[in-house]
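One structure is given here, and the rest of the page talks about it.
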């Protein structure tokens, strides 16, 4: 809020948690480990602003500058907004920011706000676009064995690493490094084919048949590095 933030490329995302773990409303955080709920709400606002969302009301901006100053001046896990009016602005603005993010979730995925902000697979096997994680979750429920290495690479995304590229299954490198993002994406595509084969062999032809509708392999742009 006190300085302009450059929007991040829309390709920069990953499945799973996007914030530190956070306490429930009214519960204390843990220094350096668990955010307070107010700190989580501010994180949601900042993440939306980094991606291009703007707060229109000048009074709301002023209130949030106060929240940001509080968060920046106290250890993570301790900041709590005491002013009821400012707290109301924070909650209202975070709700709007989350709605804006939710409307822009990648195809096949949804944002969820629990003990942190998450990006989850949508869980819809009948959708026009299906997350491979959705097919995997269904396979796990049916007890179908999937080789761990296949699973890790098939759900990875492409990200830059130094001057090369890797397939990242956050937080681990699943494959690479590669000279070009296309090389990393090709390895992920082959792992997805292997996953579909494993599903079919496990008796889940319906899950394997979703393969043509799986989301394109996500590629994080080089420009996005270091902005978050």
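The values are calculated or read from the model by the stated rules, or taken from the named source; none is laboratory data. Keep in mind that what you see is a predicted model, and the values were worked out from it rather than measured. Cβ atoms come from the backbone with ideal geometry, glycine included; neighbour counts cover every protein chain shown.
A few notes on this one:
- Among the criteria (1) surrounded by 20 or more Cβ atoms within 10 Å (Cβ to Cβ); (2) assigned to a strand (DSSP E or B), the one residue 119 does not fulfil is (1).
- One residue stands out among those in the range 187-228 that are more than 15 Å from residue 154 (Cβ to Cβ) and assigned to a loop (DSSP other than H, G, I, E, B): the one that is modelled with the lowest pLDDT, which is 228.
- In the range 115-133, the residues that are without any contact (Cβ under 8 Å) to a residue 40 or more places away in the chain and over 13 Å from the mean Cα position of the chain (by Cα): 123, 124, 126
- For residue 98, the criteria (1) exposed (fewer than 15 other Cβ atoms within 10 Å of the Cβ); (2) touching a strand residue (DSSP E or B) at 6+ places or on another chain (Cβ under 7 Å) hold in every case but one, which is (1).
- Among residues of the range 154-186, those that are under 30 Å from residue 206 (Cβ atoms), part of a helix (DSSP H, G or I) and without any contact (Cβ under 8 Å) to a residue 40 or more places away in the chain, counted: 3
- Of all the criteria given as (1) crowded, with 16+ Cβ neighbours inside 10 Å; (2) not assigned by TED's automatic domain parsing to the domain that holds residue 192, the one not satisfied by residue 88 is (1).
- Residue check, residue 112 surrounded by fewer than 17 Cβ atoms within 10 Å (Cβ to Cβ), in a strand (DSSP E or B) and free of Cβ contacts under 8 Å to residues at least 40 places away in the same chain: yes
- For the range 29-70, the set of residues classified as part of a loop (DSSP other than H, G, I, E, B) and either closer than 16 Å to residue 88 by Cα or at pLDDT below 95 (or both) consists of 32, 36, 51, 52, 53, 54, 55, 56, 57, listed by residue number.
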